[in-house]
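These notes are about the structure you will find just below.
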């Protein structure tokens, strides 16, 4: 007679009984490894997003004419790790009841074709303004590198009277307001 065939049923039974005898530390390590199989992917995606996603910020700058309410320049910064492209701006007066007595748009609202990383640009919405009950909403539209996805950064400002004239102070997004007036910069030619 030949060799007796290997008993696979007996091997499975031994493996099952061995698995039941595992200690809590082995079970914990197996679970921990399984957790990091999924969590590692999520952490990697989040980290890559933080490194490669463009980031643009808007802050208030100097007021060249303190007697004018919205003549303050605003600063646009590319705080990301890569350049952004086709940057253009919008200035919007928002409020629940806006009174525009006099307003002149600025020639300072120029678009930017290529905005390098860590660069700062100064722009202005209005050169002359006499406005009541309004907040200034500034929008910076920009395209991501490579994929060309258009994104937008929005900041709200209110005008506060100081000893040197009017200054823009950052505000949260207002509720129950409407757009009274919008001025857009020229879009960048592609």
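Quick look at the values:
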{"item": "Residue satisfying all of: in region 8-43; loosely packed, with under 10 Cβ neighbours inside 10 Å and outside any helix (DSSP H, G or I); modelled with the lowest pLDDT among these", "result": "21"}
{"item": "Members of region 140-157 found to be more than 15 Å from the chain's Cα centre (by Cα) and surrounded by fewer than 17 Cβ atoms within 10 Å (Cβ to Cβ), listed by number", "result": "146, 147, 148"}
{"item": "Qualifying residue in region 98-107 (condition: at pLDDT 90 or above, under 19 Å from residue 184 (Cα atoms) and crowded, with 18+ Cβ neighbours inside 10 Å)", "result": "no"}
{"item": "Hits in region 135-185 (condition: within 30 Å of residue 51 (Cα to Cα) and part of a loop (DSSP other than H, G, I, E, B))", "result": "144, 145, 146, 147, 148, 149, 172, 173, 185"}
{"item": "Region 44-73: number of residues that are closer than 18 Å to residue 117 by Cα and either in contact with a helix residue (DSSP H, G or I) (Cβ under 8 Å, 6 or more places away or on another chain) or buried (at least 18 other Cβ atoms within 10 Å of the Cβ) (or both)", "result": "3"}
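The values are calculated or read from the model by the stated rules, or taken from the named source; none is laboratory data. Owing to the predicted nature of the structure, the values given are computational and were not obtained by experimental measurement. Cβ atoms come from the backbone with ideal geometry, glycine included; neighbour counts cover every protein chain shown.
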